[in-house]
Amino acid sequence: MPVIFVGLAYLLGSIPFGLLIAKIWNIDIRQQGSGNIGATNVLRTLGPGPGAVVFILDFLKGFLAVYLGYWIGGDPLMVLLLGTAAVLGHMYSVFLRFNGGKGAATGLGVLAGIAPGVFLLSVALAACLIGVTRYVSVGSIITPFAAALLMYLYHKPLPYVWVTLIIAVFILIRHLPNIKRLLTGTEKKLGEKG
């Protein structure tokens, strides 16, 4: 039975909202800008409205997966497993031949579900990083590791710390192209077109 719920969380995470929202404008978001299906590329390509919608929908994938875990009994390990499945679904979507987004918004949704206080601090940190550097990728890369550290500092259960750290590593891996562009000075800043 638990495997079914993990599968459902993965399928929820796999829904490519960026691709679906962009199709309203007859655009294949994978052929635009960075080619990513996430909110940042939608923002650059279609503007703040569609970008915000995609961010919220991707966020809700992680948040709802966690609450599915609470709904079926609230076992902390199952909650974490479902949240992780949603993030991995977003990154490696079965609907996109196991390709997908970078996991930042869905990861934030998981964080909001398991540790709201850490989530709020993480959002504040991400906003500061993006505001100072003008690079969304910098906030997306650093914030998950900061969230894992905050989990530890606030004495959250050790599994929460480890799962947050594991998700952070996956997000880092998905951002390797961004890191290369940051190092070569070709990464687009917030507000620049893709």
Sorted by chain and number, the residues with a modelled amide H under 5 Å from that of Asn99, at a separation of 5 or more or across chains, are Ser93
Per the rule of 0.36 nm per residue minus the C-alpha distance, extending Ile173 to Val123 adds in nm 15.9 nm
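By its C-alpha gyration tensor, with a ≥ b ≥ c as the square roots of the eigenvalues, how is the chain shaped: rounded for a/c under 1.5, else prolate for a/b larger than b/c, else oblate?
Working: a/c = 1.98, a/b = 1.28, b/c = 1.55.
Oblate.
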Calculate the spin-label point distance for Leu190 paired with Phe145, positioning each point 7 Å from the Cα along the beta-carbon direction, and give it in nanometres.
2.0
Would you calculate a helix-derived [θ] at 222 nm for the chain, using -39,500 (n - 2.57) for each DSSP H run of n ≥ 4 and dividing by the full residue count, to the nearest 500?
-23500 deg cm²/dmol
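Tell me, in nm to one decimal, what length is gained between Asp28 and Leu158 on full extension, where the rule is 0.36 nm per residue of separation less the Cα-Cα distance? Intermediate values should be presented prior to the final figure.
Numbers: separation 130, 0.36 × 130 = 46.80 nm, distance 4.11 nm.
My answer for the length gained is 42.7 nm.
Compute the Cα gyration tensor for segment 81-132, then decide on rounded, prolate or oblate, letting a ≥ b ≥ c be the square roots of its eigenvalues: rounded whenever a/c is under 1.5, prolate when a/b is larger than b/c in the other cases, and oblate in all that remain. It would help to have the intermediate numbers written out before the result.
On the way: a/c = 5.35, a/b = 1.63, b/c = 3.29.
It comes out oblate by the Cα gyration axes.
No value in this document is a laboratory result; all are computed from the given coordinates. Owing to the predicted nature of the structure, the values given are computational and were not obtained by experimental measurement. Cβ atoms come from the backbone with ideal geometry, glycine included; neighbour counts cover every protein chain shown.
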